[in-house]
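Each reported figure results from applying straightforward, stated rules to the coordinates on display, with no laboratory input. Not measured: the values here are computed from a predicted model. With ideal geometry, Cβ positions are generated from the backbone for all residues, glycine too; neighbour counts draw on all protein chains shown.
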Amino acid sequence: MTIESVPGFPLFAAVPPDDGGLGTEQGFRRAMGAFPSPVAIVTALDGDGLPRGMTCSAVCSVSMAPPSLLICVNQHSGSLQAIRGSGGFMVNLLREDRHALAELFASPSGDKFAALRWRLDGELGLPLLEDDAAAYVECAVEADIPAGTHAILIGLVRSSGRIGHPGRPLVYYDRTYGRWVA
């Protein structure tokens, strides 16, 4: 498999050689840039029942028995408060052509859901981006672990599946969006 860039987002950017700062934030950022990750929009409902969401590339399966995964969320994110308040989160794994949506949900924009088609779904009734996701995983929060500037949230899977859209997942590599090519 190879990775191919998404139009408008070059895949390979010039990365200066590591200056030896392996223990620094900059060195760590460079190292992690060499690791492709999935791009997801994590959604929940806030205390007023309004949808909240954020772009997240820190998504990882934890266990198959019981099915669980983890996400990492900035402690200052409004979405973190919504997740904690609702007791769960929906991971919408984006399709390869949804890089503009990933940018929108990474921004401080107000109503990110205004121009989207979405619906409440799953056991917990959380926002599913049915036109934009290749797959989804709905989780109930099992653990909330502080870790530096972020919280590691471990969720027990309540519902999951693939959505019938053709295409492959959106990935993030070396600070830009790309797609898998078989």
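Over region 36-169, calculate the relative contact order: mean separation of alpha carbon pairs under 8 Å at least 6 apart, over the residue count, as a percent. RCO, region 36-169: 28 percent.
For region 36-169, the Kirkwood estimate of hydrodynamic radius, built from reciprocal distances between every pair of different alpha carbons, is 14.5 Å.
Between beta-carbons, use under 9 Å as the cut-off and find the net charge around residue 44, counting Lys and Arg +1, Asp and Glu -1.
Details: positive: 52, 84; negative: 46.
Taking every Cβ under 9 Å from that of residue 44, the sum is +1.
In the calculated pair-distance distribution of region 36-109, the portion above 17 angstrom amounts to 44 percent of the Cα-Cα pairs.
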